[in-house]
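Quick notes on the structure that follows.
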Amino acid sequence: IDDLMIGFKRKHVTVWSGYRGCGKSSLLNMLILNGANYGYKSALWTGELDATEEKSWLYMQAAGKQHNKETKNGFYYTPENICDKIDPWIDKYFWIFNNEYKNNFNQIMDEVRSLKKRENIDFIILDNLMTLDIDDLDGDKNDRQKNLMYTLTCLAKEMNIHIHIVAHPNKSGTFLRPNNISGSGHIPDLAQNVFILHRIN
């Protein structure tokens with residue numbers, strides 16, 4: 001992706017979409033790890049996993065298959081001695097948003113500004129739009145989603161960061177295109193990049 005895009009530009013917004021289980025969150029974790037490899041700082045807000053689950057998943061990807069262990073039930077985990085090696089590295093480059101804010105969009109935006117000021121983060125990931133509480137924004141559902149995208153594009157420019165947001169598709173059952181993204185048409189229209197993931201079976 002880096003080679004094709006020549007990297008993600010500051011002051012831009014990227015929308016990610018795809019059916020459940022296609023690998024969106026796994027790929028976004030790889031962006032976090034790849035960014036850290038190059039010294040870029042990131043923050044993640046997730047409405048799907050709590051901080052412990054997200055950290056566990058991220059560490060399994062950071063450790064790689066050769067360093068993870070399989071349980072009797074066929075699940076995998078990263079041994080504590082491997083986590084102890086990952087911790088001091090990733091803690092310099094990655095933050096999970098404070099869960100006390102729950103999913104209120106305006107409060108999350110306040111924390112983005114605080115993180116930028118305190119840690120000088122380079123990019124944020126919001127996973128995902130459907131679990132964000134945007135009731136404080138004006139208008140009906142489509143207007144609120146449009147206002148959300150306007151806010152993100154303005155914030156990316158104001159903070160000189162890149163913003164990634166996950167927006168699930170509607171249940172079209174077809175090969176997805178940007179107009180299959182659920183909600184307002186402003187979601188893909190106002191972003192500089194739109195990626196749609198498909199799992200190849």
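The values are calculated or read from the model by the stated rules, or taken from the named source; none is laboratory data. In this text the structure is predicted, and so the values were computed from the model without any measurement. Note: ideal-geometry Cβ built from the backbone for every residue, glycine included; neighbour counts use all protein chains shown. The accessibility values were calculated without ligands, DNA or RNA, using every heavy atom of the protein model including side chains. Shrake-Rupley method; radii C 1.70, N 1.55, O 1.52, S 1.80 Å.
Here are the numbers for the structure shown:
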quantity	calculated
Computed over the range 66-136, Kirkwood Rh from alpha-carbon pairs, angstrom	15.0 Å
Dimensions in Å of the range 101-153 - Rg and Dmax from alpha carbons	11.6, 35
Value in Å of the Kirkwood radius, where the range 105-201 supplies the Cα pairs that are averaged	14.4 Å
Across K65/K85; K24/K69; K116/K157; K24/K85; K65/K102; K24/K157, pairs whose alpha-carbon gap is larger than 22 Å	K24/K69; K24/K85; K65/K102; K24/K157
Karplus-derived 3J(HN,Hα), 6.51/-1.76/1.60, for each residue of the range 188-201, Hz, glycine and proline x	x, 5, 8, 8, 7, 10, 10, 10, 10, 9, 10, 7, 8, 9
The range 3-54 - Rg (one decimal) and Dmax (whole number), Cα, Å	12.3, 33
Under 5 Å, built H, 5+ apart or other chain: amide partners of I96	L44
Accessible surface of the range 33-77 [probe 1.4 Å, protein heavy atoms]: carbon and sulfur percent	49 percent
Net charge of neighbours whose Cβ lies under 12 Å from the Cβ of D87, counting Lys and Arg as +1 and Asp and Glu as -1	0
Most mobile of G74, G18, G35 in a GNM of the chain (Cα contacts under 10 Å)	G74
Accessible solvent surface per residue of the chain, calculated while the other protein chains remain in place, 1.4 angstrom probe, Å²	56 Å²
For the chain: span of alpha carbons on each principal axis (Å, largest first)	51, 43, 35
Percentage relative contact order, the range 87-201, counting C-alpha pairs under 8 Å, at least six apart	23 percent
Descending semi-axes in Å of the range 1-114, equivalent ellipsoid built from Cα gyration tensor	24, 18, 16
